[in-house]
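Input: a single structure, listed below in C-alpha cells.
The values are calculated or read from the model by the stated rules, or taken from the named source; none is laboratory data. Please read these numbers as outputs of a predicted model, since none were measured by experiment. All Cβ positions, even for glycine, are placed from backbone atoms using ideal geometry, and neighbour counts span all protein chains on display. Areas reflect the complete protein model, heavy atoms only, side chains present, ligands, DNA and RNA absent. Shrake-Rupley method; radii C 1.70, N 1.55, O 1.52, S 1.80 Å.
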Amino acid sequence: MEDYDEDNRGQFHFSSRRGWMNDVNAPLYYRGIYHLYFQHAPDSLVWDTMHWGHATSTDLVHWEQGPVALDPKVHPGDLWSGGGVVDLANTSGLKNGDEDPIVVYSGTNGATVFYSLDGGNTFTAYAGGKAVVTPGGTSRDPKVFRDPVTETWGMVVWSDEGGNGADFYTSLNLLDWTFASRYRADWLFECPNLIRMPVEGGYRWVLHAGSGEYYVGDWDGTTYTSDWTVPRKLNQTKTFAGSGYYAGLTFENLPDQRIVSMAWQGENKGAVWTGNASFPVELRLAETIDGLQIVCTPIAELASLRVATEIQQDLVVEDGTRQLATGSTYELEAVVDVSQARRVTLKVGREVTYDVAEQTLDGATLRATDGRIKLRLLVDRDQLDVFGNDGAVYQSYNVRPTDLELIAEGRVVVDQLAVHQLGSIWR
C-alpha cells in the first residue's frame, strides 16, 4: 500500500508515504534542492502529536520523502506550523562548516527556533527550545521574511489577543526579536504570510491568512498598512482547515525571484495515509479591471510530466453534452467561445460552471475577452485544480473524478482543446 498507486492517491500532488499530513511548513530552496516540510503524524491517520515531515525535490515536481525533520521525542515544544529561511549572510552567527544555516520556527503560544547546519536535514533547538517571542492570547504559526529595504528580518505570528490578527516582530540576527506592531483583522485567522511582490513600478506587500484571504498593502519595516476593506482570495473556494485548500505558504530563497506557493488539501485519504499538498502554483501580482489581484498558475515544470498530447479545434456543442477527456491524470487547456451561450459546465466528479451573464466561474469573477474564456484543469485522481483566464481564478478540490464532459446551455464553441496525459511523479 506504499507504492503510491492507490486509486485515489494523487500521481502529481505530493502526499506522505504513510500517516497524516496537514499544513505546509517552511518551504524553501537551498543549493539546487527544494525542501518541503509539513505537519505530520507518521503513525496516525488522524491529527495527532505533531512532527515535521520532510521531502525534497530538484524540480518542484518529483518529491522524495526523507526522515522526519522535527521529532517531539528529540525537539522541545509543540511542533506546530511555522516558516523558515536560509541565512545566506550568516546574520545568526550559527554557521559552523560549509553549509549556510537554515533556520525554522515552530510552536504554539510562543515561537521556538530550530536550525540546521547540514542543508536542512537535521535540526537543533536554539537556546534549548526557549521561546524567542510570546504574543498575547493564543498564538501560533510564526512565518519569517526578509525586508531588503531595511535589511532586517521580520516575523509575522497569528494571535487572537483582542480578536483575530497578527503580531509583527523584527530582528537583525533571526534569534533576538523586538515587537514591532500588531495588525488586527477579523479575516486574518491562522498561518499568516507576508510576501514582497513585484508590480509595475516597484513592489507591494501581500498579507494572507490560512484561508487564502489577502490584502495588498505596504510594509515600512515595522508596520503593515492597507487601504483595502474587503479581502480577496488566492483560492476561490470555501476554505477552512481540512478543506481542499488551506494554509498555503510561499517558498523562500527561490532563484529568479519567483514566488511559488503550496497548500494543504485535507479531504483525501487512503488506507495508510491522510491528506496531500496542492500542486505548486506561481503567484503574480497583476493590475486588472477590478484592481490589483494575485493570479495563480501551475508552475511551468508541470510540462515535464506530459507523456502524450491530443489537440482538437472548433468543437461545437449546442444545448447538449460532449465528452472531452478520459483518464484520471491529465491536464486540459481550452479556449472557449461563450458569446452564444448561457452557461458552460465542465463535469469531472463535480460541476465547474461558467455563468455567461454573471461572468463567474463557480461564483468567482471571470470576465470574457472577445466572448472567450480560457480554462485549465489539472485532474489527478481525487485532486482537481481549476484555473480560469491564466490564473485570474484558481480553485482546488478533492473529488472522485469521472470522464470529463462539457455541458452547454446555448451554443458553445471550443476554439482549441489540448489534453496532456501526465505521468506519475512517483516513478
Derived scalar couplings ³J(HN,Hα) [segment 132-137; Karplus, 6.51 cos²θ - 1.76 cosθ + 1.60; whole Hz; x for Gly, Pro]: 8, 9, 9, x, x, x
Surface share of carbon and sulfur [accessible, 1.4 angstrom probe, percent] for the chain: 46 percent
³J(HN,Hα) computed for each position of segment 391-399 - Karplus, 6.51 cos²θ - 1.76 cosθ + 1.60, integer Hz, glycine/proline x: x, 4, 10, 9, 9, 10, 9, 9, 9
Assigned charges on the beta-carbon of Lys, Arg, Asp, Glu; segment 201-360 dipole about Cα centre (debye): 500 debye
Virtual spin-label span in nm between V316 and F179, 7 Å along Cα→Cβ: 7.0 nm
Amide N of segment 231-263 lying under 16 Å from the label point, which is placed 7 angstrom from the Cα of E301 along Cα→Cβ: 249-263
Per residue, in Å², the accessible surface of segment 305-427 once ligands and nucleic acids are set aside, probe 1.4 Å: 42 Å²
Long-range amide H partners of D23 with built H, under 5 Å: Q39
Which listed pairs, of K143/K347; K130/K238; K143/K374; K73/K95; K73/K233; K95/K269, have C-alpha distances above 31 Å, in listed order: K143/K347; K130/K238; K143/K374; K73/K233; K95/K269
Accessible area of E282 in the full protein assembly, 1.4 Å probe (Å², nearest 10): 50 Å²
Total charge dipole magnitude, the chain, about the Cα centre, Cβ charges on Lys, Arg, Asp, Glu only, Debye to nearest 20: 320 debye
Whole-number percent relative contact order across segment 229-344, with pairs defined as alpha carbons under 8 Å at least 6 apart: 15 percent
At R0 = 35 Å, FRET efficiency that the Cβ-Cβ distance of D160 and V199 yields, to 0.05: 0.65
Per-residue HN-Hα couplings for segment 185-191 [Karplus 6.51, -1.76, 1.60; θ = phi - 60°; Hz; x = Gly/Pro]: 7, 4, 7, 8, 10, 6, 6
Heavy-atom accessible area per residue - segment 46-103, 1.4 Å, Å²: 44 Å²
Mean Cα-pair separation over length for the chain, i.e. relative contact order, pairs under 8 Å, 6 or more apart, %: 14 percent
Of S304, S106, S278, the one that fluctuates the most in a GNM where the chain has Cα springs shorter than 10 Å: S304
For segment 118-170, alpha-carbon Rg relative to the globular expectation (2.2 N^0.38 Å, N residues): 1.36
